[in-house]
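Here's the structure we're looking at; comments come further down.
The values are calculated or read from the model by the stated rules, or taken from the named source; none is laboratory data. None of the values given here were measured: they were computed from a predicted structure. Methodologically, a virtual Cβ is constructed for each residue, glycine included, from the backbone with ideal geometry; neighbour enumeration extends over all protein chains shown. Accessible surface areas use protein heavy atoms only, side chains included; no ligands, DNA or RNA. Shrake-Rupley method; radii C 1.70, N 1.55, O 1.52, S 1.80 Å.
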Amino acid sequence: MEERELTLGDILLMFKRRSKLFWIVLVLTVLATGIYLLLATPKYEASAKVKVSTQKGMSLGLSIEGLLGGLSSLLGGGGSLEDEIQIMLSRRNIAAVIDELDLAHKLLDEKDIKKAMENGLTEDDLKLSLYNYMVEKLITVEPVKNSNILEVKFTWQDPKLAAEVANKIVENYVKISESIAKTQLGAKKEFLEEQIPKVEQELKEAENKLKVFKEKNKIYSVEAQYQTLIERYASLLQKKEESQIAMEAAQKQTEFFLNELKDLDVEIEKLRDSITFDPIISQLKSRLINIQIELAGLMERYTESNPSVVQKKAELEETQKQLKTELERLLTSQVKKTGHTIYGEALSSLIKAESERILYQTQYEAFKKLFEDFEKELSKLPELEQQLIELERDYKVKETIYTTLLQAKYESLISEAAITANVNVIDWAVPPLSPSKPNKKLTLAVGGVLGIFLGILAVFFAEFSDRRIKSESEAEYLLGVEKIVARVPLTNKSEVIEKALGIPAMKAGKVVFITAIEDGAGVSTIAKHMAHLLSKKGKVLLLTEESVDGPFDRKDVFDLLRNPEILEEFKEHYDKVIIDAPSLKRTPEFLPVAEKSDTTYIVIRLEHTYSEDLKMLHSLKKVDGFILNGLTRRNSTYVEEK
């Protein structure tokens, strides 16, 4: 038999039948929510706001930027908001807050501390555990929408302590930001201080050599034909040396971030070797060198807008992206311990720095090759001209590089004097006046919605776990609409019941056998009212085990078992014989009596008869109809409850 689909009417009747269960579940859920609100410890949320600068620091200009590569990004500019959030939540910051405010003894129960100590934990272990708990449960750092402002929230039972902790987190974060900015700028200063004296000495030596050569050979000016060679020669040498310095600057930057990663227990030498000997990176390096040699040759002949130059630059950019992607894959696979979130930025910066270092290294290799090729061409000139061109070249290059480095030094001094953290505190936290948790109105609303949901769930569970025939529509589906001869409402009014039994009484033969599958279906009531109804038109005998009075004769139904032939005598003396038979479950011995009867009616009582018991009807050779009993507004739309 196919599964019956529920209709809207079935669902409404279902809730009518189970309304009590629904309301009990709803009230209990709301009551439990109310008890929780009474017993829950109020928690207060203190918040502070800081404005973070995500702009880069002072620009060094195109010439210096080209010379120092990515190192200028170490000047005091901010990172992304996500980087700042990770710094604020870092162990370096929160651990300092725990120590300064003695939070281990303020947030943890002394009994728990003592028990942990007895189990072998140290104070550092407790602080680490507290750090993890604070970051996961108590501290929230979120960006304010469409702004560079971060809101720092701390939740605790004591409003004063909550504000104190939030302010200390912000205060230490400002110090850390300033420290990071100064540390990074120090790396640039150190590099410049190493390079300037060396380049200055090289410039003096080049100047002296050129001066001595000119005085010795009585040459005080350069012919126009050699001036072009000198400028090209100087340009190549300058680019080569700038690439070398930029490569060394990027190497400094790489070393800076490698030192940051030491706290992640990364094997630095292994990390370097993996980059050096990776076959894909080596292949990309070779490709970059070839592309830059080809690009330099094109730039000597064409302008930057020439299609060949544009195409070669696009090829260079695409290869750089591939290099960065491969480095990211390689380094991320090597650095697997990322428990300390502050180093996420260091890893990202390391990938960028190493990418720049390799780029400048390939630039250096490319210009070095071009320079060597140009030197071969110069070797064809007379020796005196060669020496003059080389000396003029060296002097011009050293002078340009020295001027550029000196300018960078002064700019770094200005930056150092003006350096501050890239953070401004907008609002300090104040002790909140009212608790933020639990939110009573919201919690009650959620409890109400949950109660409704659980009530509905309970109704459906109770309904589908109940195997009784629960509704008129279900009975029609199981028995067949055409087989139902009467629908009797649940009422004490005889006229209502007899009216409902009019059709089966009219269709009934001389001997009417009325029974049910189980006791309690109301068979005796149905039989009594049918006998009363039929007695108005003739002489009626009611065979029943009940003691009843009425305008009909009554005899014990078990007489039919003691003397089966007596039924024929009753048929001769009475116009109608109504047999109120015991249930089939209790007394299956009455089945032969049913076979001798003219009409057999089975009483099915809604919310009482089990659907699986209907299979017992197969023991009857014939069933002339079913009488539905116990109809109410909870299980039927056919009648109104009287």
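Here are a few things to note about the model shown:
- Accessible surface area normalised per residue over the stretch 392-540 is 51 Å², counting heavy atoms of protein chains with a 1.4 Å rolling probe.
- Charge dipole (debye, nearest 20) of the stretch 497-642; +1 at Cβ of Lys and Arg, -1 at Cβ of Asp and Glu: 480 debye
- Sites Ala314 and Gln283 - FRET efficiency at Förster radius 25 Å, r taken between beta-carbons, to 0.05: 0.85
- Sulfur and carbon atoms: percent of accessible area, the stretch 535-642 [1.4 Å]: 45 percent
- Rounded FRET efficiency, nearest 0.05, which uses the C-beta distance separating Lys493 from Ser611 and R0 of 30 Å: 0.55
- Length released on extending from Lys483 to Lys51, taking residue separation times 0.36 nm less the Cα-Cα span: 147.5 nm
- Cross-link partners of Lys182 among lysines (Cα-Cα below 22 Å; sequence separation of 8 or more within a chain): Lys51, Lys56, Lys168, Lys252, Lys262, Lys352, Lys409
- Computed extension gain for Ser179 through Thr303, at 0.36 nm per residue and net of the alpha carbon distance, reaches 40.1 nm.
- Using the Cβ of Val165 as centre and a radius below 14 Å, the other residues enclosed give a net charge of -1, where K and R count +1 and D and E count -1.
- Of interest is the spacing of the C-alpha centroids, which for the stretch 496-574 and the stretch 434-459 amounts to 57 Å.
- Local electrostatic count, Ser436, Cβ distance below 12 Å [Lys/Arg +1, Asp/Glu -1]: +3
- Between the stretch 584-631 and the stretch 141-179, the alpha-carbon center distance in angstrom: 78 Å
- Distance between modelled label sites at Leu444 and Glu372, nm, 7 Å Cα→Cβ extension: 8.5 nm
- Within straight-line cross-link reach of Lys240, lysines at Cα separation under 17 Å, skipping those fewer than 8 residues along the same chain: Lys198, Lys285, Lys368, Lys369, Lys376, Lys396, Lys398
- Each other residue within a Cβ distance under 15 Å of Asp598 adds +1 if Lys or Arg and -1 if Asp or Glu, for a net charge of +2.
- The gain in end-to-end length when the His573 to Ser465 segment is fully stretched comes to 33.9 nm, 0.36 nm per residue minus the alpha carbon separation.
- Karplus-derived 3J(HN,Hα) values for the stretch 172-178, using 6.51 cos²θ - 1.76 cosθ + 1.60 with θ = phi - 60°, are 5, 4, 4, 5, 5, 4, 5 Hz; glycine and proline are entered as x.
- Annotation for Lys437 and Ala32: the two label points, set 7 Å from Cα along the Cα-Cβ direction, are 2.0 nm apart.
- Modelled spin labels at Trp428 and Lys536, positioned 7 Å past Cα toward Cβ, are 9.6 nm from each other.
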